[in-house]
Amino acid sequence: MALVAQSPLVIRSLDAANRSRWDAFVRACPEATFFHLSAWQTLIEREQGHRCYFLYAERAGEIVAVLPLAEVKSLLFGHSMASLPFCVYGGIAASDPEAVPLLEAEAERLARECGVAHLEYRNISPRHADWPGQPLYVTFRKTIEADEQANLAAIPRKQRAMVRKGIKAGLLARQDDDVSRFFPVYADNVRRHGTPALARRWFEALRQAFGNDCEVLTVEDASGRPLSSVLSFFFRDEILPYYAGDLPAARELAANDFKYWSLMKRAQERGCTVFDYGRSKLGTGPYAFKKNWGFEPTPLAYEYRLFARDSVPQNNPNNPKFRALIEVWRRLPLPLVNRVGPLIVRNLG
């Protein structure tokens, strides 16, 4: 072990021959997340058109740290590099702390070479207290009990009543083999919130890339009409509901609550012990909804290195300068926003 520790650290770029080694490290490293998996490199480059730099540190032939990065060039939102666009968690995952500053140095070198305005790390836990941050996002995680009734009892009374309402209404939750029912529900939902939708092919690519670790669950009424749907990721012992939507008719039948209760049961079936409710912005409806389910927020430590700008970017719906655009977007026809939306949202990440 002493000889291994004395071996030099080497920084390398991921290639096809080393994807399995990268993923084996990610699945074993406690700091790593689903969004550190190597498939994101191909997904982001091929489907979103952004160049990726997946860096890893190696010591004595063993991977000891990884850092996935992507460069985003946008006329609307600027030129940046992040770990990782389209992912809520990122940054460096390491089993060897000595590798962290080396990867950070290489990331900064690349960022300066590319001429980006800033470099963003989407950390779960803070690494640099003196770096500018974005105290806007939190995550919600909770233990899944082995007993179904224990999970139901853990939901606060008011929200539990909504779950029971969906059960009494005869709602059904089904796993879908594709995104054909998910996408229209998702696209309608995000349009109503004034934000652009990702392309249908993005969700098809996620399903293809991650296989059984990417599932779609759709809630339907007694007639079989889809009301609410969610695309989730599975990683180690965790379930991560990631993209979701519901139709206006879902509210009356509490289909959204029924959906997440059904998803919790599905996670239980698959042996998951952690329900990761994902990222939300402070003070928003999704934030309040997750709190009402008994989940406690944990701040996310998004950290920035600023090169050609004086402050952290605010490319989110809370920015007042986007409010007029959001109101216009809500009124546009769905076929139009589904065509134009992917061209916009690919630059937001």
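Would you grab the residues whose amide H sits under 5 Å from the one on residue 93? Only those 5+ places off in sequence or on another chain, please, with H modelled 1.01 Å from N. Those qualifying (amide H under 5 Å, at least 5 residues apart or on another chain) are 66. Across the range 22-82 the C-alpha pair distances fall into 5 Å bins from zero in the proportions 4, 17, 25, 21, 15, 10, 5, 2, 0 percent.
The 3J(HN,Hα) values that the Karplus relation (6.51, -1.76, 1.60; θ = phi - 60°) gives for the range 137-151 are, in residue order, 10, 10, 10, 10, 9, 8, 6, 9, 7, 6, 9, 4, 5, 5, 5 Hz. Gly and Pro appear as x. The lysines whose alpha-carbon is closer than 24 Å to the alpha-carbon of residue 73, local same-chain residues fewer than 8 away aside, are 321. Backbone geometry of the range 56-64 corresponds, through the Karplus equation with coefficients 6.51, -1.76 and 1.60 at θ = phi - 60°, to 3J(HN,Hα) couplings of 9, 9, 10, 9, 6, x, 10, 6, 10 Hz, x marking Gly and Pro.
Annotation: amide H of residue 278 within the under-5 Å range of 140, sequence separation 5 or more or interchain, hydrogens built in the peptide plane.
Distance between the modelled labels on residue 292 and residue 237, one decimal in nanometres: 3.1 nm (7 Å Cα→Cβ projection).
Surface exposure of the chain, expressed per residue as accessible area with a 1.4 Å probe, stands at 46 Å². Note on surface exposure: 162, 264 rank 162, 264 by accessible area, highest first, 1.4 Å probe.
Using θ = phi - 60° in the Karplus curve 6.51 cos²θ - 1.76 cosθ + 1.60, the 3J(HN,Hα) couplings for the range 239-250 round to 10, 10, x, 10, 10, 8, x, 8, 7, x, 5, 5 Hz; x is entered for Gly and Pro. Where in the range 98-117 is the amide nitrogen less than 18 Å from a point lying 7 Å along the Cα-to-Cβ axis of residue 310? Inside the label zone: 117.
Rank 79, 118 by accessible area, highest first, at a 1.4 Å probe radius? Don't skip to the end; give the middle numbers.
Numbers: 79 45, 118 10 Å².
In descending accessible area the options line up as 79, 118.
Annotation: residue 95 carries an accessible surface of approximately 80 Å², with a 1.4 Å probe and no ligand, DNA or RNA atoms counted.
Among residues other than residue 22 with Cβ under 11 Å from its Cβ, the summed charge is +1 (Lys and Arg +1, Asp and Glu -1). Just tell me which aspartates and glutamates come within less than 12 Å, Cα to Cα, of residue 265; anything on the same chain fewer than 8 places away is out. Cross-link targets: 145, 147, 148.
Largest mean-square fluctuation among 221, 130, 23, in a Gaussian network model of the chain whose springs join Cα atoms under 10 Å apart, belongs to 130.
Electrostatic tally near residue 171: other residues with Cβ closer than 12 Å to its Cβ, Lys and Arg +1, Asp and Glu -1, net +1. One way to sum up the overall shape of the range 159-318 is the equivalent ellipsoid from its Cα gyration tensor, whose semi-axes run 27, 18, 18 Å, largest first. Taken as entire DSSP H runs, the helices of the chain that both span 18 Å or more between Cα atoms along their own long axis and average 0.0 or more on the Kyte-Doolittle scale are 99-114.
Close amide H pairs (under 5 Å, H built 1.01 Å from N) link residue 134 with 302, residues at least 5 positions away or on another chain.
Rg/Rh, computed from the Cα trace of the chain with Rh as the Kirkwood radius, has the value 0.97. What a 1.4 Å probe finds exposed on the range 127-247 is 48% carbon and sulfur by accessible area, rounded to a whole percent. Extending 7 Å from Cα along the Cβ direction at residue 128 and again at residue 282 yields two label points whose distance is 2.2 nm.
The values are calculated or read from the model by the stated rules, or taken from the named source; none is laboratory data. The structure presented is a predicted model; accordingly, all values stated were derived computationally and were not measured. FYI the Cβ positions are ideal-geometry reconstructions off the backbone, even for glycines, and counts take in every protein chain you see. When the accessible area is computed, the model is the full protein with side chains, heavy atoms only, and any ligands, DNA or RNA have been set aside. Shrake-Rupley method; radii C 1.70, N 1.55, O 1.52, S 1.80 Å.
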